[in-house]
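Beneath this line is the structure, given in structure tokens, with notes to follow.
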Amino acid sequence: MSHWIIAPVVLPAFTAALMVLALRGHLALQRIASVAAILALNAIAAALLWSATVHGPEAYFLGDWPAPFGIVLVLDRLSALMVALLSLLALITALYAIGSRWDERGAHFHPLLHFLLMGVGGAFLTGDAFNLFVFFEVLLIASYGLMIHGGGEARTRAGIQYIAFNLVGSSLFLFGLALLYGVTGTLNMADLAQKLPSLPPGDAALLRVAAVMLLLVFAIKGALVPLQFWLPGTYANAPGVVAALFAIMTKVGAYATLRIATLVFPPDLAAMGTLIPTILLPAALVTLVIGAIGILGATTLPRIAAFAAIASMGTAFLAMAQLTPQATSAALYYILHSTLATALIFLVADLISRRRADLSLTGPAPVAQSGLMSVLFFAAAIALAGLPPLSGFLGKLLILDAWRDEMRTIWPAVLIPSFLMLLGFSRAGSVLFWKPVQPAKAPAPHEPLALTAAFALLAALAALTLLAGPVTAWLDATAQALHDPAAYIAANRLGAAP
Amino acid sequence: MEALLASAIGLFTAVGIYLMLRLRTFPVILGLTFLSYAVNLFIFVSGRLAVNAAPIVGTTDTPADPLPQALVLTAIVISFGMTAVIMIMAIGGHLLAGHDRIDLDPRGDS
């Protein structure tokens, strides 16, 4: 199995290079290659998921260099799960881009998509903190290209802000890593986990500064308040299909936070104490509130979707802030749900924006195929607001259950924003679909593949709801493994080095 | 020497942050460049300062740490590429919009 661990990085890299070099200008061939490679990626991800479940964590040593000296990729249950989620979302967005012809509106959509897959997949798999930075840059530079796909003034100017914000994030990341290296002399995450407890107490302050810097970087990625300002402008201006794909990018921030907070800076480390939960909890609550108020006040549908993404990140970080196995398991379930639901609302916003003359949420304007669109919109709204029967309800229930001890403070802080979200979605839905207007004059675009992709996301959400029992049981074991990382550290074979 | 390097890094960071908070794209890009200079120096120093020491074991009694040199090389290449990207984007934005303000009009969503 061992060589397959690097396949989620190598396969998209080769596919993207092939498409740029050999299939330049042949959109039909690029589409075939893209979908075929993503199908293969799905198969590999499924096999990796199976392997991580059965055999436990496994490391891949690049160039066969022993662990603290060379770069390692580590496959464990969490990274396998995230890669599987990524490949599923990639398949759906690639099909949607083909069906909605978004990939025709500019050059190199499919190569950039595959470079993004390479970066995100690598970020999920790597076991080396500096390598995590490198994969962050790979995924960012691909996302810059995707974000301005199709061009236009507003999109380009929003892109400049997005790049500038992320460049600051990259600099902070490097400061944090250099600090960590200066204190410990290693950047392998398992090695860090072993060395940090035995550091002299005098280095504790430097360590805490490094931890907070890394946390800030992941908060930028995960759109945690007060670092969420880039998200609404970026996601609302990006092409709908790209924004749907970016649903996984905020989760990269959540994944990295979870990995660092459980492996490198666990709560039982004396130098850290409760630093990370103390920072995450209020930030997550404010993120949730800002997302909910944003949904209520947004003037266009893409902005509603963007603030829904922020609110769902707030909920996910709220569950992560506790750093106990039960809460982490709830966070993982919510991350799965939130990725699919956020992608769905962006696809729905894109579908509606091509069936309605006016993008703003004021005044009546007919929506072509309004029956079908309203079904999709309300399904996405139900999922994001957390109403039964979809998985958003179960996810929030799990998170509330994990915070049972703080019932008086946390529960209202989750439930009131959920109500505001419900209100905002109802307002948007009634403006869009519930006005007595003439039927749309413009014929609806015929795009069966795009609609299939949107319904596939809905089906995935339904499957996540129906299979909640086995999924949460599997996630419970994953969360246990995260909070007791002995097997992960052992997979790096640190003692084997000469 | 430590004090000199530390204050140089601090100065670069301060200049970078000040320029980054401007409203036009050109100073912002300059600020980002200064910040990346600061961070490159900082990474380099994280392996401790060593004078007249090659990063090769056996050449001197106290060889320099080679890993930060490799890390800083990676960081330089990446920040160079990223600066090029944001430069092109800024020029494109300037040509499309006719001005180089960095803030967005909230009603101007595409």
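The values are calculated or read from the model by the stated rules, or taken from the named source; none is laboratory data. Please read all numbers here as calculations on a predicted model, not as lab measurements. Positions of Cβ are generated from backbone atoms using ideal geometry, with glycine treated the same way; all protein chains shown enter the neighbour counts.
Scanning the range A:273-302 for residues that are outside any helix (DSSP H, G or I) and surrounded by 19 or more Cβ atoms within 10 Å (Cβ to Cβ) yields A:ALA298, A:THR300. Of all residues in the range B:1-22, at least one satisfies being within 12 Å of chain A (Cβ to nearest Cβ), surrounded by fewer than 12 Cβ atoms within 10 Å (Cβ to Cβ) and under 30 Å from A:GLU153 (Cβ atoms). For the range B:84-104, what are the residues that are surrounded by fewer than 17 Cβ atoms within 10 Å (Cβ to Cβ) and more than 7 Å from chain A (Cβ to nearest Cβ)? Hits for the range B:84-104 are B:ALA84, B:MET87, B:ILE88, B:ILE91, B:LEU95, B:GLY98, B:HIS99, B:ARG101, B:ASP103. Among the residues of the range A:440-453, those that are of a type in the set (Gly, Ala, Ser) and either at pLDDT 75 or above or surrounded by 13 or more Cβ atoms within 10 Å (Cβ to Cβ) (or both) comprise A:ALA440, A:ALA444, A:ALA450, A:ALA453. Here A:LEU397, A:LEU351, A:LEU420, A:LEU372 are screened, and the one residue that is touching a Leu at 6+ places or on another chain (Cβ under 8 Å) and more than 21 Å from A:PRO232 (Cβ to Cβ) is A:LEU372.
In the range A:127-219, counting only helices (runs of 4 or more DSSP H) that sit wholly within it, the ones holding 1 or more residues that are modelled with pLDDT of 90 or more, touching a Phe, Trp or Tyr at 6+ places or on another chain (Cβ under 7 Å) and within 19 Å of B:LEU35 (Cα to Cα) span A:129-147, A:153-184. Only a single item in (1) surrounded by fewer than 24 Cβ atoms within 10 Å (Cβ to Cβ); (2) closer than 28 Å to A:ASN237 by Cα; (3) not β-branched (Val, Ile, Thr) is not met by A:PRO325, and it is number (2).
Residue count for the range A:295-349, restricted to those that are closer than 18 Å to A:THR278 by Cα and among the small types (Gly, Ala, Ser): 6. On the stretch given as the range B:37-73, residues that are at pLDDT below 85 and charged (D, E, K, R) total 2.
Scanning the range A:169-184 for residues that are under 21 Å from A:PRO485 (Cβ atoms) and either facing chain B (nearest Cβ under 8 Å) or in contact (Cβ under 8 Å) with a residue 60 or more places away in the chain (or both) gives A:LEU177, A:TYR181. Only one entry in A:ALA349, A:ALA327, A:ALA306 is within 30 Å of A:ASP268 (Cα to Cα) and among the small types (Gly, Ala, Ser), namely A:ALA327. Only residues that are of a type in the set (Val, Ile, Thr) and at pLDDT 90 or above were counted in the range A:419-439, giving 0. Would you point out which residue out of A:ILE248, A:ILE260 is crowded, with 20+ Cβ neighbours inside 10 Å, over 18 Å from A:LEU146 (Cα atoms) and hydrophobic (A, V, I, L, M, F, W, C)? Unique residue meeting the criteria: A:ILE260. Reported count of residues in the range A:111-136, each being more than 30 Å from A:LEU214 (Cβ to Cβ) and surrounded by fewer than 24 Cβ atoms within 10 Å (Cβ to Cβ), is 0. The condition of being at pLDDT below 95 and more than 14 Å from chain B (Cβ to nearest Cβ) holds for only one of A:THR262, A:THR300, that being A:THR262. Name the single residue, out of those in the range A:303-321 being under 22 Å from A:ASP476 (Cβ atoms) and in a helix (DSSP H, G or I), that is nearest to the other protein chains (Cβ to nearest Cβ). Looking at residues that are under 22 Å from A:ASP476 (Cβ atoms) and in a helix (DSSP H, G or I), I get A:SER312. Restricting the first member to the range A:61-90 and to residues that are farther than 30 Å from A:LEU336 by Cβ, and the second to residues that are modelled with pLDDT under 95 and among the hydroxyl-bearing types (Ser, Thr, Tyr), the beta-carbon pairs closer than 8 Å and six or more apart or on different chains are A:PRO68/A:THR186. Would you point out which residue out of A:ALA97, A:ALA84 is buried (at least 24 other Cβ atoms within 10 Å of the Cβ) and either out of contact with any His (no Cβ under 6 Å at 6 or more places or on another chain) or among the aromatic types (Phe, Trp, Tyr) (or both)? The unique qualifying residue is A:ALA97. Checking the stated criteria, A:GLY122 turns out to be within 21 Å of the chain's Cα centre (by Cα) and more than 7 Å from chain B (Cβ to nearest Cβ).
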